[in-house]
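K.L.:
Before anything else, here's the structure in question.
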C-alpha cells in the first residue's frame, strides 16, 4: 500500500547505527527526505537516495553539512532550490542529480569544494551559475537541451566534460580548459572540428553522431590517444599523421571509400593499434577481403579491426 510505504519511511533507517558514515536507500519508493529524520546520523559522509520518488530537495538539511557525497540520481526533482545551500562552503565533493526534471542550474555557487557534478538527463537549456566551482574536475551535462558551450571559463581544473545528446552546433569557448583530458560531444549538431587549440592535454575526443565532413583542428591535441568520429560524413582520413600518441580511431558509419588515406594517416603512428571502419563504403566494396586490406594498410602492429582482434 502506497500510503503505508510513505509512513514507514523513517523505519527504513531503524536498523542503521547512529554513527554510520554511509546511508544507501536505493529504489524504495521514498517520496520525502523530511520523513526520514536524517538528523539522527551526524557522521554520515556518503548518502545515496537513487531511484526513488523524491520531488524536492526539502529534507537534505537533515544531513550533516560536512557530507562528502550526495546521490539523488533518478528521482522526480524539478528544481535545485535553496535547500542545497545547507552544504555551502562544506566538504561536499560529489553531487549527482542526473535523471531528474531540472531546468535550471541554480543555488550551487557556494558548493566550492565540489569536484564532481552530474546533471545528465534533465531539461537544462543553459550552462550557467557554475563559475565559482573552480575545483570541479568532472562535469556531466549529457542528454539535456543545451544549445551553446559557454560560461566554463573559470573551470580550469576540469579534466572530463560530458556534453553528448544536446543541441550544440559549434565547438567554442573551451580555451581556458587547459587541463581537459576527455571531451564527449556525441549526438549534437557539430559540423566542424574547431576551437580545440588550447586543449593540449586532451587524450580522448568523442564526437560521433554529428555532421562532420572533414577531420581537422587537432593540430595542438598531441596527447590524443582515442578519437571517435563514427556516424559522421567523412569521406577520407586527414590531419591525423601528427598524432604520435593516437592508439584508437573509431570511424564506423562514415563515407570512406578507399584505403589510401588510412595508410597515409595512420600506418606510421608508433602507438596505433585499433581501428573501427565497419559500415563504410570500403567494407562493402571489399567484400570478404575487407579485413585483409585493412591489415595491409596499417601493418603488423595493428591489434584490432572493428570488434575483432587481429590474429
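The values are calculated or read from the model by the stated rules, or taken from the named source; none is laboratory data. The model shown is predicted, which means the values in this text are computed figures rather than measured ones. Here the Cβ is made from the backbone with ideal geometry for all residues, glycine too, and neighbour counts use every protein chain on show.
K.L.:
Sort out which residues of the stretch 225-239 are in contact with a helix residue (DSSP H, G or I) (Cβ under 8 Å, 6 or more places away or on another chain) and buried (at least 20 other Cβ atoms within 10 Å of the Cβ), and write them in order of number.
P.N.:
Correct list: 237 only.
K.L.:
Now for a separate question. Within the stretch 52-67, restricting attention to residues that are surrounded by fewer than 17 Cβ atoms within 10 Å (Cβ to Cβ) and within 26 Å of residue 124 (Cα to Cα), which residue is farthest from the chain's Cα centre (by Cα)?
P.N.:
58
K.L.:
Going through 132, 160, 154 one at a time, which residue ends up being over 26 Å from residue 218 (Cβ atoms) and at pLDDT 95 or above?
P.N.:
132
K.L.:
For the stretch 295-308, which positions are assigned to a helix (DSSP H, G or I) and over 17 Å from residue 241 (Cα atoms)?
P.N.:
Those that are assigned to a helix (DSSP H, G or I) and over 17 Å from residue 241 (Cα atoms): 295, 296.
K.L.:
Looking at 176, 208, 187, can you tell me which residue is under 19 Å from the mean Cα position of the chain (by Cα) and within 25 Å of residue 271 (Cβ to Cβ)?
P.N.:
208
K.L.:
So, one more: Looking at this structure, is residue 165 assigned to a loop (DSSP other than H, G, I, E, B) and surrounded by fewer than 16 Cβ atoms within 10 Å (Cβ to Cβ)?
P.N.:
Here the answer is no, as residue 165 does not meet what is asked.
K.L.:
Let me ask another. Look through 76, 50 and report the one residue that is closer than 17 Å to residue 33 by Cβ and out of contact with any strand residue (DSSP E or B) (no Cβ under 7 Å at 6 or more places or on another chain).
P.N.:
76 is the lone residue from the list that is closer than 17 Å to residue 33 by Cβ and out of contact with any strand residue (DSSP E or B) (no Cβ under 7 Å at 6 or more places or on another chain).
K.L.:
Is there a residue being crowded, with 16+ Cβ neighbours inside 10 Å, outside the structural domain of residue 282 (by the TED database) and either in contact with a strand residue (DSSP E or B) (Cβ under 7 Å, 6 or more places away or on another chain) or not in a loop (DSSP other than H, G, I, E, B) (or both) anywhere in the stretch 202-224?
P.N.:
No, there is no match, as no residue in the stretch 202-224 is crowded, with 16+ Cβ neighbours inside 10 Å, outside the structural domain of residue 282 (by the TED database) and either in contact with a strand residue (DSSP E or B) (Cβ under 7 Å, 6 or more places away or on another chain) or not in a loop (DSSP other than H, G, I, E, B) (or both).
K.L.:
Those residues that are closer than 22 Å to residue 113 by Cα and assigned to a helix (DSSP H, G or I), I need them from the stretch 29-70; list them, please.
P.N.:
Passing the criteria: 60, 61, 62.
K.L.:
For the stretch 2-20, indicate whether the set of residues that are modelled with pLDDT of 95 or more and either surrounded by 14 or more Cβ atoms within 10 Å (Cβ to Cβ) or closer than 30 Å to residue 166 by Cα (or both) is non-empty.
P.N.:
yes
K.L.:
Here is a check on your reading of the model: is residue 235 within 18 Å of residue 182 (Cβ to Cβ) and part of a loop (DSSP other than H, G, I, E, B)?
P.N.:
no
K.L.:
Can I ask one more? On the basis of being in the same structural domain as residue 227 (by the TED database), in contact with a helix residue (DSSP H, G or I) (Cβ under 7 Å, 6 or more places away or on another chain), assigned to a strand (DSSP E or B) and under 15 Å from residue 252 (Cα atoms), does residue 262 make the cut?
P.N.:
Judged against the criteria, residue 262 is not a match.
K.L.:
For the subset of the stretch 86-111 comprising residues that are under 16 Å from residue 66 (Cα atoms) and in contact with a strand residue (DSSP E or B) (Cβ under 6 Å, 6 or more places away or on another chain), which member is surrounded by the most Cβ atoms within 10 Å (Cβ to Cβ)?
P.N.:
Here the residue is 95.
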